[in-house]
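Report on one structure; see the data block that follows.
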Amino acid sequence: MSDKDHASPSARQPPRPGRPLPWCLSRGRARGALAALIGIALAGLAVQTSTVTERADELAFDAEVSIVRALRAPTAVQPTRPDVVVVGVDEASLDALGVPMAMMHSALGKALEAIAAAQPRAIGLDIALPERSFDHLLPGLDLGLMHGLRAARTAAGIVVALDTDATGHLRAPSQPLLAAAGGPGAFGLALFPVDCDGVVRRFDPDPAKISSGDRSRCGASDDIDPSATDGVAAALSEASDASTGTASIAVPTFVARLAGQLGREAQLSRPAWIDFTRGAPFSYVPLRDVVAWYQGHDQARLAAQFGGQIVLLGSVLPYLDRLRLPATLVAWELPAVPAPGVILNAQVLRNALGAGLVRPVALPVEFALIAAIASIAFVGGPWSRWWALAWTLALGLFAATALHAAGWFVAPGGALIAASTAVLVRTALDLANARHERERLTRMFGGYLSPQLLRAVLEDRVEPGCTRRAIALLFADLRGFTQWSETTEPEIVHDTLNRYYAAITPLLHAHGGTIDNFRGDGIMVMFGAPEAQPRPCDAAFAAAGQILAAVDRLNVHEIVPCAVPAVQVTMGLAFGDVVFGDVGSAERKDYTALGDAVNVAARLQELAKRLAFPVLMTESFARQLSTAAGDLHALGTHELKGHSPVAICGWTGPHPASTASQGEWPGRARTFAADG
């Protein structure tokens, strides 16, 4: 080979890919559009049919409530007058009164009279009145409660809660108590929608929708029978002296009826989310204290506590009428304890007196948000896309929390499904496209690049510039090939070379060699570039031995039987620091190695022909071998063409039994006529 034989030739450069960049970009946009459309479609379907989005909405609602309550200033949390005051029936009150809750008519009557005397703005009794009289057990028992109901109705108006029996049917109170309270218009259903996780977050003014909606979403069967509301309305109508006799009286919820008395029915006219972010946790006034103030004629205390306020009287017992809420609204119990139902009614009344409930954004806005967040699928790189998703979710939570504080709730379930689906689908499409492109490039360039270099190119690990590293170099050349090819048909030369390279190329790749170039009958191979190897000299030495054995087999089985002179290979091995990487211009580049070790290996391959050794190597290369090599001969220092003297070793190579009878190298088989 000549001085330039080891340089990378332009003939080995594979053709460039045929598709221009704009086409590639349009394909990426098409994958993004497809992923976004799939995300939008799945989100729309999930919003309409799946409970997954509802669960995500509920969790987001709880998180926003916690954040807003934690960030609100105490002055913003404290409500303004009029506020809701809770009178609680607790265990201490029952013990002091000495009667069970079902027979505390007299105490309730006294409490209602005491509260009415303080001139409150409205009174709500969140305790269901009995269906029948207990006067036969304790004469005069009902009379005290009736006096209290009339006093409350006269002073501020009263709303009484309706209860359900064990079968889920509503119970109408006895006729005397119903009349004392003011007829059907004084009653309401103490009912809230319960989400599938057992938490109350929403308000619905329509009791029928509450019960049927809960059952259809969660499969619950312990709510009231929605058909029972008309029956109760009829029962209330028939039992009331003031009734018109019709059975078409609508029965609203307890808190909606109270809001109507306060002139705030518009605030609770539509289904919405309850605002748990406003107002300090509730305390309560024990029923026994109210009765004691009444009996002690402590009008000043009663007026200070209840004057001008909305008063709700209900149970705060630990085992009766408890509801799980997303926020702690009671000041006397641990946060995880479900709250009394009267506390939830009080909070909704706070909403009605203030800014109202938390309204859900309109459905078109929700779908616009879904479409917008699904556009993350158009972000190019996969890591950039996932980072964009993470930042979008974080900013979305911040924006949704701010809107929640302003009285709007953005349901994120659909948007989460749209974004995650779009990103996953786009990532899957990109992976499939990358795999297809990798296979295409492998088919196109696999015959032009060594596997190590092809992997580095496909994985984008070939960086601009160069890398310095100590590697092993192998140069190989066919002895006498030049003179033989002068007198041989080109087709035979071409076929012989292809058979030779087909025999040795897999061996080089198997040992991690990167073929730099083919130059006629010469080859340059790097061990340790572009991928580092722990023992590059061992790999190069083993590859050299297997090449010699492979050439012997090639001669016996393919070359000589075709009446072609046996090929004979000489190799030079060197080890040292080189730089490797792209060499050339922006229009044309080669991936090659440069350094003294490259030149030394090329010169040793030429010298091997004259010294009658199939393999020559530098002593520095031989010292790197992990095991001693047989038939390795120290040849001293030799001058190399255009280079200072170098200490070298010669190796005769392996001598398998199948070829030993043919004699020592170079007389193993009939060779080309002369050196070339």
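The values are calculated or read from the model by the stated rules, or taken from the named source; none is laboratory data. Everything numeric in this text was worked out from a predicted model, so none of it was measured. Because the Cβ atoms are built from the backbone with ideal geometry, glycine has one as well, and the counts that use them run over all protein chains shown. We work out accessible area using only protein heavy atoms, side chains counted, and drop any ligands, DNA or RNA first. Shrake-Rupley method; radii C 1.70, N 1.55, O 1.52, S 1.80 Å.
Brief remarks follow.
- Filter result for GLN305 (touching a residue at least 12 places away in the same chain (Cβ under 8 Å), assigned to a helix (DSSP H, G or I) and in contact with a strand residue (DSSP E or B) (Cβ under 8 Å, 6 or more places away or on another chain)): yes
- Hey, GLU664 in a loop (DSSP other than H, G, I, E, B) and either at pLDDT 90 or above or open to solvent by 70 Å² or more (accessible area, probe 1.4 Å) (or both) or not: yes
- Taking segment 513-553 as the range and being part of a loop (DSSP other than H, G, I, E, B), under 15 Å from LEU573 (Cβ atoms), open to solvent by 20 Å² or more (accessible area, probe 1.4 Å) and touching a helix residue (DSSP H, G or I) at 6+ places or on another chain (Cβ under 9 Å) as the test, only GLN533 passes.
- Of all residues in segment 593-616, those that are outside any helix (DSSP H, G or I), out of contact with any Phe, Trp or Tyr (no Cβ under 7 Å at 6 or more places or on another chain) and either β-branched (Val, Ile, Thr) or under 20 Å from PRO654 (Cβ atoms) (or both) total 2.
- Going through (1) charged (D, E, K, R); (2) open to solvent by 20 Å² or more (accessible area, probe 1.4 Å); (3) closer than 23 Å to GLN624 by Cα one by one, ASP582 falls short only on (3).
- The lone exception for SER626 - which of (1) assigned to a strand (DSSP E or B); (2) surrounded by fewer than 17 Cβ atoms within 10 Å (Cβ to Cβ) it fails: (1)
- Any hit, segment 333-353, residues being touching a helix residue (DSSP H, G or I) at 6+ places or on another chain (Cβ under 9 Å), buried (at least 20 other Cβ atoms within 10 Å of the Cβ), among the β-branched types (Val, Ile, Thr) and assigned to a helix (DSSP H, G or I): yes
- Scanning segment 631-661 for residues that are at pLDDT below 80 and within 17 Å of LEU611 (Cα to Cα) yields a count of 1.
- Residue within segment 5-12 that is at pLDDT below 90, part of a loop (DSSP other than H, G, I, E, B) and open to solvent by 50 Å² or more (accessible area, probe 1.4 Å) present: no
- Cross-chain or 6+ apart pairs with Cβ under 6 Å, segment 422-434 first and touching a residue at least 12 places away in the same chain (Cβ under 8 Å) and over 9 Å from GLY39 (Cα atoms), then open to solvent by 30 Å² or more (accessible area, probe 1.4 Å) and not basic (Lys, Arg): THR427/PRO382
- Check on VAL569, buried (at least 24 other Cβ atoms within 10 Å of the Cβ) and not basic (Lys, Arg): yes
- Sole exception among (1) in a helix (DSSP H, G or I); (2) closer than 30 Å to ALA122 by Cα; (3) of a type outside the set (A, V, I, L, M) for PHE398, by number: (2)
- Residues of segment 361-389 satisfying the condition of being open to solvent by less than 50 Å² (accessible area, probe 1.4 Å), of a type in the set (A, V, I, L, M, F, W, C) and assigned to a helix (DSSP H, G or I): ILE370, ALA371, ILE373, ALA374, ILE376, ALA377, ALA388, LEU389
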